[in-house]
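Structure first, commentary second.
The values are calculated or read from the model by the stated rules, or taken from the named source; none is laboratory data. Everything numeric in this text was worked out from a predicted model, so none of it was measured. Heads up, the Cβs are rebuilt from the backbone with ideal geometry, glycines too, and the neighbour counts pull from every protein chain shown. Keep in mind that these areas ignore ligands, DNA and RNA; they rest on the heavy atoms of the full protein, side chains included. Shrake-Rupley method; radii C 1.70, N 1.55, O 1.52, S 1.80 Å.
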Amino acid sequence: MQFNVISMFSGAGGLDMGFHNKGFKILWANDFAEDACNTYDLWANYNKDGSRKEEKDCTIIECADISQVDLNNVAKGKQIDVVLGGFPCQGFSLAGPRQVDDTRNVLYRHFVEMVKIKTPKVIVAENVIGIKTLGDGVVFDKIIEDFSELGYTMSAPTINAKNFGVPQDRMRVIFIGIRNDICNHGAYIFPSGDLKIVTLKEALKDMPPVDMRDVCQAPFSSRFMSRNRKRDFSQVSFTIPAMAKQVPLSPDSEGMVYSDVDRFEFVGNYNRRLSYKEAAVIQTFPNDMEFCGDLDSKYKQIGNAVPVKLSEAIATEVIKILTQDDLTPLLNMENPEEEIRVDRRITNNVINGKAFEYASMMELYKELRKKGWEAEQLKVLEDKNYRTIENAYQLVSLEDDDIEDTNVEYQSNNFNRAAYVAARYLYKVEPILNCSKELYGIISAMPDSAGIKGDVRDIDFTIYNDKTCVKKIKEIGISCKNNHEAVKHPRITENPDFAQEWTKGQLHCSSYFLEKMEEILQLIDEYALEYSKWSEVEDKMEKIYYPIVKLFVEEIKRLGMVHEGATIEQQENAEKFTYLFFEYMFGGQDFYKIIKDDQSQSTKIYPYNMHGTLMNPYKGCKNNQAVQSITMPSEIVEVRIKPKSKTTIEVYFDQWIITMRLHNADSKIKRTSLKFDVQIKAQPRKVMGTILPWEN
């Protein structure tokens, strides 16, 4: 069966091409840009040999301002199954002015009118994620309300195109509305996609040598130079924007290095932007796709388009909606409103956490520079750990560049606001930071592997008293938390001997514990063969979670609690386990825990001065309110399963209480997908927390 589609604000037809490739019939399309309409006409209505297709197989392309089009005459007399519309998004852009009254923000009203006239079974639209927060959510709520009043139940998930076969980080909102007589007020559950990515190497492997006439040669603006613009062949591209001069560098460029706050410099002599043909392939257009117009117009058509592979994924979901007799398994019937604001970017929490690490790192650098530390005294270590958190920050802070440089007004986001007040706090409480003369420092991002080995710091600021940075005199560690206060997330591993890992090989779990854990791990292997994800396993609580929790409770008791009649050796081992267990959870180094709290618009800071290295006097500088050193716990008082829970362990130390909640970190069933979320529930009064409200 062939389904009929009409398309609005079609551009060069990226969204339409995906539906076309999946067998939909595009009856009519519209855009006001002549070059884009000509490009659309070439791929939609002409054969490869240049001959025009038969009229019955062609799409009517009306090149006109949509406000001047008589919508009642569009595809007159035809039943329309789907209305597509990528209504203009410049006014919604995260990087742009984002004015609620931008005239481009109301063009979607014509889309609403078309839906009202044609009453399609499904409506589909794509937009930038800034649409969700424009005008504090007023615009987004109005869009949802308009379609709801027409009798549609809406989904509006935030997704990353890279999870749908597109070699590009591209965050977008996908609107899917289903007519209520079809979905019975259930909202469509859009998939999260796939963690497997298509790299730039794979995407560009068949491209011919680059013709520099296909590359934007405009000067590199200060905005372009404000951040790194190069991704390697082993990665996906940054977002392909519509503005030619903001297009990222090609992966074979020599690249950019950080030079100062919001300023990068080129490395070497070969650095060029992606050609428009490379940009088109990254947008998953066919390699031989022909675009009309001048170079700027070609880049614009490509950057404004929905990636074809993403469109094909959307079309696949629409086919399910139009063909399945029972849509219930595909719908959220209980809480359909959840699908309006749902985020399906898969690694969103990880990305946000690392973005906060980068913001904290750079705000500390900026604060020290403002307070007298010279550029030659401070170094940001640009290793692979730095690049990882930098990439994450770029994803969440500036999602697109589709605006003119002269219109840009850099806006402080929550990551920077939270990090800024933390950096000011650190400067005030650490005396050594006030004595920059003859000091040198290196700010570095810690690798993820450090946490596995018991180092909970995310950022390390090492201070030296010589230019060669050999003689270390101080370390200031920072642990960054984005909207949570979890201490650590230890996983269940292939080797279930957690005591060996937590105590660096000094102690081991009992043979009984290891035997019982192996039985559970084998059961997980059996589930992996039968089911595709954890949510399908109905008895996982009774067969997997609860048994693991019970085993851990008994084993932690055996290792860390002193029972009546215990030998001297057993007492010493219990004390050793307690100390090493606590150090594994909190790290062997002192640190500041910095917590970004979006809800309260504040940053919480806790100084964990367990070894007495924080806030020490330096050369006459002294902090009169310095925190005292915290006594490390020497015994475990009690271990139990939290009342009315089958997943959470409570561990009571002297003066400390922590909880360990077992959950699946990955939806895929495997031995290593389960982990504990460790939270502090009580701590000594010496850990004096500070709450710092953000400043506008």
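Structure notes:
- Base-10 log of normalised Debye intensity for region 511-665 (one unit scatterer per alpha-carbon) at q = 0.14, 0.15, 0.18, 0.19 Å⁻¹: -0.92, -0.99, -1.16, -1.21
- Amide H contacts of ILE60 (H built 1.01 Å from N, under 5 Å, at least 5 apart or other chain): TRP28, ALA29
- Computed over Cα pairs, the Kirkwood radius of region 235-379 leads via Stokes-Einstein (0.692 mPa s, 37 °C) to a diffusion coefficient of 166 µm² per second.
- Degrees separating the helix 34-45 axis from the principal Cα axis of the chain, which is the longest one: 80 degrees
- Rounded FRET efficiency, nearest 0.05, which uses the C-beta distance separating LEU195 from GLU475 and R0 of 35 Å: 0.50
- Contact order, relative form, for region 422-504: 21 percent (alpha carbon pairs under 8 Å, 6 or more residues apart, mean separation divided by residue count).
- Remark: region 194-208, residue by residue, has Karplus-estimated 3J(HN,Hα) of 10, 6, 6, 10, 9, 7, 4, 4, 5, 5, 9, 4, 9, 6, x Hz, where x stands for each Gly or Pro and the curve is 6.51 cos²θ - 1.76 cosθ + 1.60 at θ = phi - 60°.
- Neighbour net charge for LEU195 - beta-carbon separation under 15 angstrom, K R +1, D E -1: +4
- Between THR690 and GLU149, the distance separating the two model label sites (each 7 Å from Cα on the Cα→Cβ line) works out to 5.1 nm.
- Summed over the residues of region 203-283 and divided among them, the accessible surface reaches 42 Å² per residue at a probe radius of 1.4 Å.
- Protein accessible area in region 446-548, 1.4 Å probe - carbon and sulfur %: 49 percent
- Of the GluC sites (Glu not before Pro) in region 168-267, those whose Cβ has at most 14 other Cβ within 10 Å and which sit in DSSP loop: GLU254
- Only the Cβ atoms of Lys and Arg (+1) and of Asp and Glu (-1) were treated as charged; on that basis the dipole of the chain about its Cα centre amounts to roughly 1560 debye.
- Relative contact order (%) - criterion: Cα under 8 Å, at least six apart; region: region 541-635: 23 percent
- Kirkwood hydrodynamic radius over Cα pairs of region 137-234, then Stokes diffusion coefficient at 25 °C and 0.890 mPa s, in µm²/s: 141 µm²/s
- For region 219-360: relative contact order, % (alpha-carbon pairs under 8 angstrom, 6 or more apart): 18 percent
- Charges were assigned to the Cβ only: +1 to each Lys and Arg, -1 to each Asp and Glu. The resulting dipole of region 438-594 about its Cα centre is roughly 760 debye.
- Relative intensity of region 280-323 on a log10 scale, I(q)/I(0) at q = 0.17, 0.29, 0.30 Å⁻¹, equals -0.55, -1.00, -1.03, per a Debye sum over C-alpha point scatterers of equal strength in the absence of solvent.
- Theoretical FRET efficiency, 1/(1+(r/R0)^6), r = Cβ-Cβ of GLU113 and GLU338, R0 22 Å, to 0.05: 0.20
- Shown for region 656-696 is the translational diffusion coefficient from the Stokes-Einstein equation, using the Kirkwood radius over Cα pairs, a temperature of 25 °C and a viscosity of 0.890 mPa s: 183 µm²/s.
- Taking Lys and Arg as +1 and Asp and Glu as -1, the other residues whose beta-carbon sits under 14 Å from that of ILE178 total -2.
- Full-stretch length increase - ASN465, GLN625 - with 0.36 nm per residue and alpha-carbon distance subtracted: 55.1 nm
- Alpha-carbon centroids, region 1-72 and region 128-154: separation in whole Å: 27 Å
- Per residue of the chain, the DSSP helices (runs of n ≥ 4 H) give a summed -39500 (n - 2.57) that works out to -9000 deg cm²/dmol at 222 nm.
- Between the beta carbons of GLU485 and ASP136, assuming R0 = 35 Å, the FRET efficiency works out to 0.85 to the nearest 0.05.
- Extension gain for the segment GLU554 to ILE641, taken as residue separation times 0.36 nm less the Cα-Cα distance, is 30.3 nm to one decimal.
- Sorting the segments 175-181, 306-312 by their residues' average number of neighbouring beta-carbon atoms within 10 angstrom, most packed first, yields 306-312, 175-181.
- The slack between SER234 and LYS504, meaning 0.36 nm per residue of separation minus the straight C-alpha distance, is 93.8 nm.
- Heavy-atom accessible surface of region 569-696: percent carbon and sulfur, 1.4 Å: 44 percent
- Using the Karplus relation 6.51 cos²θ - 1.76 cosθ + 1.60 with θ = phi - 60°, the per-residue 3J(HN,Hα) values for region 548-564 come to 5, 4, 4, 5, 5, 4, 5, 6, 5, 4, 4, 7, x, 9, 8, 9, 4 Hz, with x marking Gly and Pro.
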